[in-house]
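Trainee: Let me give you the structure first, and then I'll get to my questions.
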Amino acid sequence: MPLIRTARRLFTRRRRFASKLFISFLLMCTVPTLLITNLFYLKAKEQITEASTEFIQMLTVQLAASVNNYVEQINNNSLAVYSDYDLVSYLGNEASYISSDQIRYNLLVSRQLSTFMTQLPHLQGAAMISSSGKIYNNGYFPDMADNRASWERWLETVRTANGKLVIIPTHSHVYHSTGAAAGVFSAGRLIQDIEGRQAGILLFQLSLHRLIADSDTLNPSSMPYHRRIVISSKEQLLFDSDIEAAAFIPESEPQTIDPGRWLFRTDPSGPLSVTVAVSRKDLGMKITLYRNLALGVATATVLAIALLSLLLSYQIVKPMIRLIRSMRRVEDGWYQPISEKGLNIELEALIQSYNLMIIKVKHLIEDVYLARIKQNQAKLLALQNQINPHWLFNTLESIRMQAHISKAPDVAHMIKNLGRLFQMALARREEHHQVSNEIEYIRVYMQLQNVRFEDRFRLTVTLPEVVMKAPILSLTFQPIVENCIVHSFLDPDRQYEIRIDGEEKDGTVLVHIADNGAGIKKERLEEIRRTLDNPDWSGEGAAAEGSLGLRNIHERLQLHYGKQYGISLESVPDEGTTVAIHFPVRKGEDHVEGPAGG
């Protein structure tokens, strides 16, 4: 449930498609991997525990069978002494025999002890103690004087057992030849004559170290360390693999096995109880090894899946990113198709549809644009054809000559300027039209206006040579100057000035046409600006006289040069208005023009 809630939070948030795709791939692959890894770890843990339990059970049964069979073998072999009546009689009445007989019977006792040592391979030593206390031994046998009190008690236990085999607790035995200590236990039996009298005691020194080492065939190297404990029927410790041989204390109590530290099994079926235990710590280390292996595999798998998910999501999203970038460029007028190489079928179909759409849009825009230009050209041509330039020029020239004859030089000068103005306006210019041509047109226009308004206007032009030679659309400056005269110069009793200056920078020309007239009110200025920014805007006053000419110039400049060019206005009431004209320097370019409005 927490994993589902986390995934839901990840996908309900507003994220990029690439992030969602990456997270989806990662979760779809990582969650099953972690589940499989966890199941693998739990299964390995379960199998290790089951294998260890089975191993302990088998080892316990085998070890118990070996130990108890060995004790039973000692019990059976020890009964062989009763078959030699003379030997039993000698042990019970040793002092009554003469020296020669004692020597003969001593050899007989030694031969019997040697027989025991041969028949019982894991025997450390064998001894017979006569009724008089004399000890006959073969092999290594402890010095009873070292622990007399315990030995007296143990021998008394043997005497009171009425001929049954008695197990004497483990004690430390030192081999005099090597000085090494070994943990051994003893098995003793009371020797009785045919009349039931005590004739002596038979003792065997037994070592379970060698016996257990030889019988421990189920000890594979893959199993953790295991502990073996042998206890007598009287709860006396006979063997503990965790205790050093020299550390055995006679009649020591066996240690209690802590179930929290050990996994163990006990077989109490024979005279000796056998317990085999495996350390849970060692078992846990083996399980931890598998856990670390599982975590390592899971980590490597998750990293590989994350890398694969990242690459896969990138491969899927990359064409989409290209498509988005291309769409954003379309907003800026960039109509170019996208490469279709290296894509899958679905994305290739999407890109093909997009490219087809771009081509159609580009053709439609070009067709509409060219159609509009041709329409404007047709309108201009129609207007030009409505007036026969030659007839008009000849007529004006006749009127001018008549004014000269009539001695009216002012009228003749006005007619000459008007003819020059018509000639420049109606000429079909195939050559380049420059800023200098616009300035010439403005000068002639201003001369006519000064004749009309008694030299009220003054024109000041400060343009560098590079600007004067810059190509520009015809009839760009005249409508702006006309607006200054018509809308800004309202006081008939003052002198007005029109200033034209500009500069060229980084391939762009900026020309300012400024006046010192009445200026434009703030509301009207904002209205004109909205008209320029949005030609389709139809607010109140949008089509008022004055803004049409400016809008016409603005549209012509943008249609010809691009959206980043055109005109802009700044005005301060009672101080004047400045119109800024932006256009690029395109040397050697022929202009395709539409009609200018005023």
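Trainee: Each residue of the range 549-566 in turn: what ³J(HN,Hα) in whole Hz from Karplus with 6.51, -1.76, 1.60 and θ = phi - 60°, glycine and Pro shown as x?
Mentor: x, 5, 5, 4, 5, 4, 5, 4, 5, 6, 5, 7, 9, x, 5, 7, 10, x
Trainee: Which one, LEU120, ASN68, VAL109, projects farthest toward the positive side of the charge dipole computed for the range 49-177 from Cβ point charges (K/R +1, D/E -1)?
Mentor: Of the listed residues, the answer is VAL109.
Trainee: Now for a separate question. Measuring from label point to label point, each 7 Å out along Cα→Cβ, what is the SER132 to ARG104 span in nm?
Mentor: About 1.7 nm separates the two model spin labels.
Trainee: If R₀ is 22 angstrom, what is the calculated FRET efficiency for the pair THR115 and ASN93, using the beta carbon separation as r and rounding to 0.05?
Mentor: The computed FRET efficiency comes out at 0.45.
Trainee: Could you work out how much longer the chain between LYS281 and ASP86 gets when fully extended? Use 0.36 nm per residue separation minus the Cα distance between them, nm to one decimal.
Mentor: Full extension of this stretch gives 64.3 nm more.
Trainee: Rounded to the nearest 0.05, what FRET efficiency do GLU575 and VAL411 give with R0 = 45 Å and r taken as the Cβ-Cβ distance? Could you check?
Mentor: Efficiency computed from Cβ-Cβ geometry: 0.75.
Trainee: Roughly how many Å² of CYS29 are accessible to a 1.4 Å probe, to the nearest 10?
Mentor: Around 60 Å² of this residue is reachable by solvent.
Trainee: Please compute the length gained on full extension between LEU35 and LEU490, using 0.36 nm multiplied by the number of residues separating them and subtracting their Cα-Cα distance.
Mentor: That pair, LEU35 and LEU490, stretches by 154.9 nm at full extension.
Trainee: Taking the Cβ of LYS286 as the centre, find all other residues whose Cβ is under 11 Å away and add up their charges (Lys, Arg: +1; Asp, Glu: -1).
Mentor: The answer is +3.
Trainee: Another question, if that's okay. Take the Cβ-Cβ distance between ILE359 and GLN564 as r, set R0 to 35 Å, and report the resulting FRET efficiency rounded to the nearest 0.05.
Mentor: FRET efficiency, ILE359 to GLN564: 0.90.
Trainee: Also, I was wondering about something else. Give me the net charge of VAL67's neighbourhood, meaning all other residues with Cβ under 11 Å from the Cβ of VAL67; Lys, Arg count +1, Asp, Glu -1.
Mentor: Combined, the nearby Lys, Arg, Asp and Glu give -1.
Trainee: How much length would be gained if the chain were fully extended between LEU289 and ARG372, taking 0.36 nm per residue of separation minus their Cα-Cα distance, in nm to one decimal?
Mentor: Extra length available between LEU289 and ARG372 comes to 21.7 nm.
Trainee: Quick one: net charge of ILE485's neighbours, Cβ under 11 Å, K/R +1, D/E -1?
Mentor: Value of the local net charge: 0.
Trainee: What accessible area, in Å² to the nearest ten, does a 1.4 Å probe give for THR275?
Mentor: 10 Å²
The values are calculated or read from the model by the stated rules, or taken from the named source; none is laboratory data. What you are looking at is a predicted structure, and each value in this text was computed from that prediction instead of being measured. Note: ideal-geometry Cβ built from the backbone for every residue, glycine included; neighbour counts use all protein chains shown. When the accessible area is computed, the model is the full protein with side chains, heavy atoms only, and any ligands, DNA or RNA have been set aside. Shrake-Rupley method; radii C 1.70, N 1.55, O 1.52, S 1.80 Å.
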